[in-house]
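Student: Can you keep this structure in mind? I'll have questions shortly.
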Amino acid sequence: MSGKTIWLTGLSGSGKSTLASALISVFGARGHHCAFLDGDVLRSGLNRDLGFSALDRSENIRRASEIAKLLSDLGNMVFAAFITPMEDLRKAVRSVFQPGDFVEIFLNCPLCVCEARDPKGLYVKARHGLIPEFTGISAPFQTPKHPDFVIDTDRFDLKESVDQVVNFLEKRFPEYCAASIPKLRRGRNSRKVAVIGLDCAPPSIIFDQSGRLSNIQSLMRHGVWGPLKSTDPPITVPAWTTITTGRDPGELGLYGFRNRLTRDHYNVVTVNSKHVPYPRVWDHLEAYGKRSILVGIPQTFPAEPHSGVTIAGFPAIEDSPDFTHPHDLLKQLSCLGNDPYLSDIRDFRALPKDSLLQGLYSMADLRFRVAQELLLKEQWDFFMMVEIAPDRLQHGFWGDYERQSPPNAAEARWKSVIPDFYKYLDDKIGGILALLDDETTVILVSDHGAKKSTGGVCINEWLIRKGLLALKEEPIQETKLTEDMIDWDNTYVWSEGGYYARIFMNVQGREPRGIIKKADYERFRDTLRDELVAMPELNGECSTNVVLKPEELYRSVNGVAPDLIVYFDSLSKRSVGNVGMNDLLVKGNVAGLDACNHDYEGIFIATRLSDLRKGVKMDVNVSFASCRDIAPTIFNEYGLKCPQDIVGRAITIGGSPETSLIFAENPRMDELDVNLNAECKGLQPKKKKSSEDVYRIWDIFDLF
């Protein structure tokens with residue numbers, strides 16, 4: 001059954017949004033799927049590019065009516081609250097719909113009453129000339145000639161107004177209003193969760209109170225927010241996989257984009273979705289009959305079959321049939337824009353700045369358009385998308401962003417690139433919010449943050465000079481270290497470069513050609529750790545190296561973990577794995593050493609849209625959330641219990657700031673009074689994959 005659109009028109013302050021929210025509560029309680037389109041919300045997001053000229057007003061209403069039509073065609077009861085001041089605009093709106101699917105309701109309220117209410121203080125500003133072309137003051141409002149229903153909101157209180165409109169709608173749409181709506185989505189089980197991920201988004205930018213990021217700051221005011229402790233290490237993979245499983249990197253056996261899969265060989269491979277050993281949050285939700293939309297989530301390539309749709313995230317091969325689920329979705333992506341759909345910007349460090357910036361805008365624009373298309377066309381209970389553009393943006397422009405006084409005017413223009421792009425992302429997020437109903441909880445999250453990078457430490461060069469790493473031949477120029485270059489019979493330690501250093505020790509009986517005796521392992525490792533912390537050869541320039549042991553970080557250590565994890569200068573310096581270096585400290589290398597490195601903290605914002613749209617001010621700051629808490633929080637929003645051995649804490653989102661507990665209890669899924677044996681039989685830890693299962697795509701995505 002198609003839905004209905006109820007278009008509420010009237011002056012600002014006549015009660016359109018208040019009445020719409022109350023009507024949604026009535027019909028939502030009856031089981032109808034309701035959607036709310038609010039003029040202010042659309043103008044702060046999807047229609048932010050429009051002004052208040054006659055042409056822009058017309059385009060604002062045209063877009064709103066098209067969105068209402070799409071939502072109505074999906075079976076929703078759409079309540080649209082727009083001033084719609086001119087009769088020709090109202091006629092244009094009506095023409096979009098079939099006669100039996102649309103009604104126009106005029107909230108008749110005298111200007112003096114609306115101005116006396118002035119809930120947003122707009123009339124005062126308009127009277128002082130601060131708002132040009134303001135309807136009722138400096139711009140006309142034409143009284144509707146043929147509305148389907150008129151309600152005098154100056155004469156009736158909210159309850160009386162609601163009763164009158166409900167009575168009218170029941171008579172106008174008797175079959176629709178009386179239809180038996182399935183109870184599957186009623187009560188707490190009717191909640192949806194929409195997760196919007198911004199890779200590498202730092203608290204310093206997202207939590208800025210300047211007002212530039214109006215949609216994000218609105219979510220903060222009406223929800224809970226704070227820094228999000230990333231994983232150790234703070235890297236896209238494994239951090240997003242921790243967010244989507246509730247498992248730490250040790251449990252997952254994932255320590256970066258590239259991992260050693262076995263100790264039978266030394267080389268590393270790029271991991272993919274087949275190497276995730278535990279169910280993702282959507283696997284659990286789908287066991288309850290829910291449906292998911294997944295867009296751009298890292299480590300989801302190859303896209304695996306599930307109840308819903310997937311467009312895989314980085315790292316991925318976009319023209320592979322496994323890039324999407326179902327496979328035929330791949331063909332539709334090419335029809336949505338002039339540019340190809342990308343999971344990432346290839347070789348982003350090597351691109352000219354103009355080309356990189358253009359590519360980032362193009363990539364993000366198409367990803368958000370695809371997400372909106374899926375939200376409108378697909379049935380869903382859980383939605384998650386991740387935009388990787390902020391990460392690539394910051395690696396390319398962070399130095400310009402932090403530069404206090406650019407050397408010349410030509411470089412000054414790059415300083416605003418990062419703030420401008422986040423403003424653009426905020427508008428895109430507003431477009432997503434406009435498509436979500438009040439029963440949706442929105443979670444905005446990043447996997448880690450960003451900070452200035454002051455260069456890199458040539459870790460393998462340091463190991464060579466210490467006599468711990470031996471090469472068959474001395475390199476004549478800077479080059480990437482490969483397995484065949486190493487003299488394993490005389491090598492004690494080698495390292496992988498990247499955002500941090502993974503230190504591997506060549507232990508007898510554990511590695512193929514190990515030389516460190518097992519009895520000497522701990523003593524050797526402790527000595528090496530102390531040397532790495534101090535690194536006196538660097539003349540004190542690196543004085544805050546952080547060196548960690550995996551077994552001290554994780555609940556369990558699976559896979560082939562590094563023996564030591566090293567954050568040079570607390571992540572202010574990257575790890576350079578190349579050899580043939582002239583110095584131990586560098587500002588750049590052949591792979592491109594940018595001015596940004598990852599930081600320990602990302603961001604977390606969670607808001608129930610019902611709180612936002614009813615004006616419930618939460619603004620609760622959470623100071624100690626972590627990536628492991630996201631999955632339990634999602635389960636909690638559905639009223640579901642956590643899998644038994646996930647130890648993250650559910651963050652309480654709704655309620656009030658006075659009574660809300662920051663962390664709810666973490667209930668266990670095995671306490672449910674439903675039989676999930678049949679549905680969840682595939683949700684046991686997955687079999688680890690061998691090197692033969694790997695999609696060998698590292699040559700395409702050579703990031704380090």
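Student: Looking only at the range 618-640, count every residue that is in contact with a helix residue (DSSP H, G or I) (Cβ under 6 Å, 6 or more places away or on another chain), surrounded by fewer than 20 Cβ atoms within 10 Å (Cβ to Cβ) and not small (G, A, S) and tell me the total.
Tutor: 1
Student: Given the options K91, K69, name the one that is closer than 23 Å to C177 by Cβ and part of a helix (DSSP H, G or I).
Tutor: That would be K69, the only listed residue that is closer than 23 Å to C177 by Cβ and part of a helix (DSSP H, G or I).
Student: Follow-up. Being under 15 Å from the mean Cα position of the chain (by Cα) and touching a residue at least 40 places away in the same chain (Cβ under 8 Å) is true for just one of I317, I345, I311. Which residue is that?
Tutor: I311
Student: Looking only at residues in the range 221-257 that are among the hydrophobic types (A, V, I, L, M, F, W, C) and touching a strand residue (DSSP E or B) at 6+ places or on another chain (Cβ under 8 Å), which one is nearest to N545 (Cα to Cα)?
Tutor: The residue in question is I235.
Student: Filter the range 28-51 down to the residues that are of a type in the set (G, A, S), under 21 Å from N215 (Cα atoms) and either touching a residue at least 24 places away in the same chain (Cβ under 8 Å) or touching a strand residue (DSSP E or B) at 6+ places or on another chain (Cβ under 9 Å) (or both) and list them by number. So that I can check it myself, show each step before the final result.
Tutor: Going through the range 28-51, the residues of a type in the set (G, A, S) turn out to be 28-29, 31, 35, 39, 44-45, 51.
If we keep only those that are under 21 Å from N215 (Cα atoms) as well, we get 35, 39, 44-45, 51.
Hits for the range 28-51 are A35, G39, S44, G45.
Student: Give me the pairs, please: first residue somewhere in the range 571-583 and at positive phi and in a loop (DSSP other than H, G, I, E, B), second residue anywhere and of a type outside the set (S, T, N, Q) and surrounded by fewer than 24 Cβ atoms within 10 Å (Cβ to Cβ), beta-carbon distance under 6 Å, and either six or more positions apart or on two chains.
Tutor: Every condition considered, the pairs that remain are G580/P475; G580/E478.
Student: Kindly check whether there is at least one residue in the range 396-404 that is in the same structural domain as G223 (by TED's automatic domain parsing) and assigned to a loop (DSSP other than H, G, I, E, B).
Tutor: yes
Student: Give R57, R43, R63 a once-over and let me know the one that is part of a helix (DSSP H, G or I), surrounded by fewer than 22 Cβ atoms within 10 Å (Cβ to Cβ), at pLDDT 85 or above and out of contact with any Ser or Thr (no Cβ under 6 Å at 6 or more places or on another chain).
Tutor: The unique qualifying residue is R63.
Student: Oh, and also: Which one is nearest to the chain's Cα centre (by Cα), of the residues in the range 416-471 that are acidic (D, E), part of a helix (DSSP H, G or I) and buried (at least 20 other Cβ atoms within 10 Å of the Cβ)?
Tutor: Among those that are acidic (D, E), part of a helix (DSSP H, G or I) and buried (at least 20 other Cβ atoms within 10 Å of the Cβ), it is D426.
Student: I need a count of the residues in the range 292-323 that are among the polar types (S, T, N, Q), at pLDDT below 95 and crowded, with 24+ Cβ neighbours inside 10 Å.
Tutor: So the answer is 0.
One line per residue, one yes/no per condition, for (1) of a type in the set (K, R); (2) in contact with a strand residue (DSSP E or B) (Cβ under 7 Å, 6 or more places away or on another chain); (3) surrounded by fewer than 21 Cβ atoms within 10 Å (Cβ to Cβ); (4) not assigned by TED's automatic domain parsing to the domain that holds D152:
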residue	(1), (2), (3), (4)
S53	no, no, yes, no
A80	no, yes, no, no
V93	no, yes, no, no
D101	no, yes, yes, no
F106	no, yes, no, no
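Student: Among (1) within 19 Å of the chain's Cα centre (by Cα); (2) buried (at least 24 other Cβ atoms within 10 Å of the Cβ), where does Y255 come up short?
Tutor: (1)
Student: Additional query: Do we have any residue at all in the range 666-679 that's outside any loop (DSSP other than H, G, I, E, B), among the acidic types (D, E) and at pLDDT 60 or above?
Tutor: no
Student: Still on this structure, I have one more. Filter the range 114-127 down to residues that are of a type in the set (A, V, I, L, M) and surrounded by 18 or more Cβ atoms within 10 Å (Cβ to Cβ) and give me whichever is modelled with the lowest pLDDT. I'd like the intermediate steps shown before the answer.
Tutor: Pass one, the range 114-127, residues of a type in the set (A, V, I, L, M): 116, 122, 124, 126.
Applying the additional criterion that residues be surrounded by 18 or more Cβ atoms within 10 Å (Cβ to Cβ) yields 122, 126.
Details: L122: 82, A126: 79.
My answer is A126.
Student: Same structure again: Does S161 count as polar (S, T, N, Q) and modelled with pLDDT under 85?
Tutor: It is false that S161 is polar (S, T, N, Q) and modelled with pLDDT under 85.
Student: From L158, L130, which residue is surrounded by fewer than 17 Cβ atoms within 10 Å (Cβ to Cβ), in contact with a Gly (Cβ under 8 Å, 6 or more places away or on another chain), farther than 22 Å from G3 by Cβ and among the aliphatic types (A, V, I, L, M)? It would help to see each step written out before you state the result.
Tutor: Details: L130 fails: in contact with a Gly (Cβ under 8 Å, 6 or more places away or on another chain).
Criteria check complete, one pass: L158.
Student: Something else now. Determine which single condition L481 fails, assuming it passes every other condition in (1) in a loop (DSSP other than H, G, I, E, B); (2) surrounded by fewer than 19 Cβ atoms within 10 Å (Cβ to Cβ).
Tutor: So L481 meets the others, but not (2).
The values are calculated or read from the model by the stated rules, or taken from the named source; none is laboratory data. Computed from a prediction, not measured in an experiment: that's the story for all the values here. Note that each Cβ is placed from the backbone with ideal geometry, even for glycine, and that neighbours are counted across all protein chains shown.
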